[in-house]
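All remarks here apply to the structure that follows.
The values are calculated or read from the model by the stated rules, or taken from the named source; none is laboratory data. Keep in mind that what you see is a predicted model, and the values were worked out from it rather than measured. All Cβ positions, even for glycine, are placed from backbone atoms using ideal geometry, and neighbour counts span all protein chains on display. Please note that ligands, DNA and RNA were not included when accessible areas were found on the heavy atoms of the full protein model with its side chains. Shrake-Rupley method; radii C 1.70, N 1.55, O 1.52, S 1.80 Å.
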Amino acid sequence: MKRAFGLALLSASLLSGLASCSKDTVEADPYERWAERNEAYLDSVIRVSENPPVGETWRKHLNYKIKSENLTGDIVTKRDYVYVKVLQEGKADGITPLSTDTVYTAYKGYLMNGTLFDSSYTGDFDPKFTEATFSTQASAVVTGWTTALLYMKEGERVEVFIPHTLGYGTNAYSSIPGYSVMRFDLYLDKVIHPQGPEK
């Protein structure tokens, strides 16, 4: 009986010690040096896009605003592009949206550290069952998203990397910290042209 009581005291003491240790443990800040880490992450994405692994197709697209405004004399940097890995080619006869078109998409958005911050569907993407329920005007989203969309065709699925300058910038937005490179798994299902009086 004494031995059992002694063991119980020892167990309680150990549990108490472990509990106090866990209280004293300082958790690392997952967003420490966030701007610097995102810059390094973007550099690694650019390196892969410039020399893609065998079997992968990568593209880069200049900020559509720079192209459409035909600006001259500006210094274009790596932050003025979105970097796109093609996961599934679009339909041969698929429509590419204009900035004024409505698009139906399915997407998931991630931070550099893999944190999912937004999604239009649950589970894994399945072209047969995943519904493209998110509809918006192509130009009504962040500049990086619009830039990627304007080069996609219906039926195309890409992984797009958006520098913070083409996303939410240096300030936090919702659960997205400032300086975040955003990674989207983006599927373009359907494009609808506006119905004008000429129709």
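Quick rundown of the values:
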read-out: Solvent exposure of region 110-162 as accessible area per residue, Å², 1.4 Å probe; value: 45
read-out: By accessible area with a 1.4 Å probe, ligands and nucleic acids excluded, highest first: order of Trp58, Trp34; value: Trp58, Trp34
read-out: Amide proton proximity set for Tyr121, modelled H, under 5 Å, gap of 5+; value: Tyr107
read-out: Net charge of neighbours whose Cβ lies under 12 Å from the Cβ of Lys78, counting Lys and Arg as +1 and Asp and Glu as -1; value: -1
